[in-house]
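Please read the structure below before turning to the comments.
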Amino acid sequence: MIRLNVLRALISETNNAAKTASPIQTDIQLLSLIRKRLNAAKDAAKEFETAERPDLKEKEDAQAVVLEEYAGQVKTLPLAEIEEIVATAINAMVSAGQKPNQGTVFKTLFAEEGPLNGKPVDKKNEVGPVVAAALKKMAS
C-alpha cells in the first residue's frame, strides 16, 4: 500500500508539473522530484518523532525507503567521472588565464559543446557540490 501511495503522489506531481512552464521531461528532472519528495518524507519523519507520533513516523520512513529505491534506479554519471570532468574544466580555465568561479565553471560545463551538456547529471545535487569542492581546493 505504501508503494502505491508513493507512486500516486509522484504521478500527481508529474501531472501538475506538466501544466507549468517547466514540465518533467527527463530522467534527471524526475530524479530531482523524487529527491525532493524523499527529503520531505525524511523531514516529516523527524517532525513526527519530535511530536511523539511513532505511527506516522513509520509511514514516512516506509515512504522514504520506497523513494530511495526509485532514486537508485535513475542512471547518472558516476561521481568520479564528474569530478574528473570538473577538474579538467577548471584546469583549462586557469591555463587560459581565466579566474574560475561557480558560475563560469557551470557555463563551461553545460555550454552547447560543454563536456556535461546533455549528460545524465543532476546539476544541483551532484555537479554543484563537486564544483564547489574543487574551487575550494584550488583556493587553498
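The values are calculated or read from the model by the stated rules, or taken from the named source; none is laboratory data. Given the structure is predicted, the values throughout are model-derived calculations rather than measurements. Neighbour counts are summed over all protein chains in view; Cβ atoms, including those assigned to glycine, are modelled from backbone coordinates with ideal geometry.
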- Item | Condition met for residue 126 (in a helix (DSSP H, G or I), within 27 Å of residue 39 (Cα to Cα), modelled with pLDDT of 90 or more and of a type in the set (Asp, Glu)) | no
- Item | Pair list, Cβ < 7 Å and 6+ apart or interchain, from the stretch 80-94 residues that are assigned by TED's automatic domain parsing to the domain that holds residue 125 and within 15 Å of residue 128 (Cβ to Cβ) to residues that are of a type outside the set (Gly, Ala, Ser) and exposed (fewer than 14 other Cβ atoms within 10 Å of the Cβ) | 90/138
- Cross-chain or 6+ apart pairs with Cβ under 7 Å, the stretch 32-49 first and over 21 Å from residue 17 (Cβ atoms), then of a type in the set (Lys, Arg) and in a helix (DSSP H, G or I): 45/57; 48/57; 49/57
- Kindly indicate which of 51, 139 is over 21 Å from the mean Cα position of the chain (by Cα) and modelled with pLDDT under 90. 139
